[in-house]
1. Out of all the residues in segment 153-170, which are small (Gly, Ala, Ser) and buried (at least 18 other Cβ atoms within 10 Å of the Cβ)?
2. I need a count of the residues in segment 133-152 that are of a type outside the set (Ser, Thr, Tyr), crowded, with 20+ Cβ neighbours inside 10 Å and either within 15 Å of residue 113 (Cβ to Cβ) or without any contact (Cβ under 8 Å) to a residue 60 or more places away in the chain (or both).
3. Specify the residue that is surrounded by the fewest Cβ atoms within 10 Å (Cβ to Cβ); the eligible residues are those in segment 90-104 that are under 14 Å from the mean Cα position of the chain (by Cα) and closer than 13 Å to residue 65 by Cα.
4. Just to verify a result, which residue in segment 69-89, among those that are in contact with a strand residue (DSSP E or B) (Cβ under 6 Å, 6 or more places away or on another chain) and part of a loop (DSSP other than H, G, I, E, B), is farthest from residue 143 (Cα to Cα)?
5. Collect the residues in segment 136-160 that are within 24 Å of residue 171 (Cβ to Cβ), outside any helix (DSSP H, G or I) and not hydrophobic (A, V, I, L, M, F, W, C), keeping them in residue-number order.
6. Does residue 73 satisfy the criteria of being more than 17 Å from the chain's Cα centre (by Cα), within 21 Å of residue 130 (Cα to Cα), at pLDDT 85 or above and exposed (fewer than 15 other Cβ atoms within 10 Å of the Cβ)?
7. Quick one: count up the residues across segment 174-211 that are more than 25 Å from residue 135 (Cβ to Cβ), of a type in the set (A, V, I, L, M) and loosely packed, with under 14 Cβ neighbours inside 10 Å.
8. Does segment 6-48 hold any residues that are of a type in the set (Ser, Thr, Tyr) and out of contact with any Lys or Arg (no Cβ under 6 Å at 6 or more places or on another chain), and which are they?
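The values are calculated or read from the model by the stated rules, or taken from the named source; none is laboratory data. All of these numbers come straight from a predicted model, not from anything done at the bench. Using ideal geometry, Cβ is built from the backbone for each residue, glycine included, and neighbour counts are taken over all protein chains shown.
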Amino acid sequence: MQIVSVNVGKPRVVPFLGKEVSTGIFKSPVDGAVMVRMLNLDGDEQADLRVHGGREKAVYAYPYQHYMGWQQDFPQHDFPIGVFGENLTIDGLDETTINIGDRFQAGECELQVTQPRFPCFKLGIRFGDPKMIKHFLQRNQPGVYFSVVKEGSVKKGDLLTLLKKSDSQLTITDIVRLYAFDKDDQTGIKAAANDPYLPQDWQEYFAKKLA
């Protein structure tokens, strides 16, 4: 897997339904090496820290190969690199085979898989189309959130290399499936509720579903 682009951006204020909202979803590719910190990348910020950012959402990566399918299915929209708000655009990243808790080397930094991305209304703002939120969920191509195990620099062209496979039985797409589609899969929900690699809020969510 190879990093095609490193993308960062500061929050900006944009109009939305007659109001103004702040969003950090607008990110652009940068040249050269960028430091990856415990909470984000240098030059990057999140607008609403209640639902974005933090240690368990420090780095967001999106598969480069998904872009072609999006462009084919939605030719009315433009899909510049970074349009999904990802920090790393990675060729070969596969949410169907990456498990919660897997650890990777990316440039000089070390990352651990924590969870999929679930879009909020700001993805609709980015595309100027609120229906893109529904399409994003239905495609189950959510990208991957990472926590930062070891800080270090990353740049375009660096490889993403698996360091250690976790013993979690759940992939990134499994979490989306259990949340949005297979809500009666008690075996899967139980596995999620007891998965130590999932963030605590997700474990608690699935535990309530069991109850």
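1. If the condition is that a residue be small (Gly, Ala, Ser) and buried (at least 18 other Cβ atoms within 10 Å of the Cβ), then 168 is the only one that fits.
2. Residues in segment 133-152 being of a type outside the set (Ser, Thr, Tyr), crowded, with 20+ Cβ neighbours inside 10 Å and either within 15 Å of residue 113 (Cβ to Cβ) or without any contact (Cβ under 8 Å) to a residue 60 or more places away in the chain (or both): 6 in total.
3. 94
4. Among residues in segment 69-89 that are in contact with a strand residue (DSSP E or B) (Cβ under 6 Å, 6 or more places away or on another chain) and part of a loop (DSSP other than H, G, I, E, B), the one farthest from residue 143 (Cα to Cα) is 81.
5. Quick first cut of segment 136-160, residues within 24 Å of residue 171 (Cβ to Cβ) only: 136-150, 154, 158-160.
From what's left, outside any helix (DSSP H, G or I): 140-150, 154, 158-160.
Scanning segment 136-160 gives 140, 141, 142, 143, 145, 147, 150, 158.
6. Values: more than 17 Å from the chain's Cα centre (by Cα): yes; within 21 Å of residue 130 (Cα to Cα): yes; at pLDDT 85 or above: yes; exposed (fewer than 15 other Cβ atoms within 10 Å of the Cβ): yes.
Yes, satisfied.
7. Number of matching residues: 2.
8. Initially, segment 6-48 is screened for residues of a type in the set (Ser, Thr, Tyr), giving 22-23, 28.
Within segment 6-48, 22, 28 meet the criteria.
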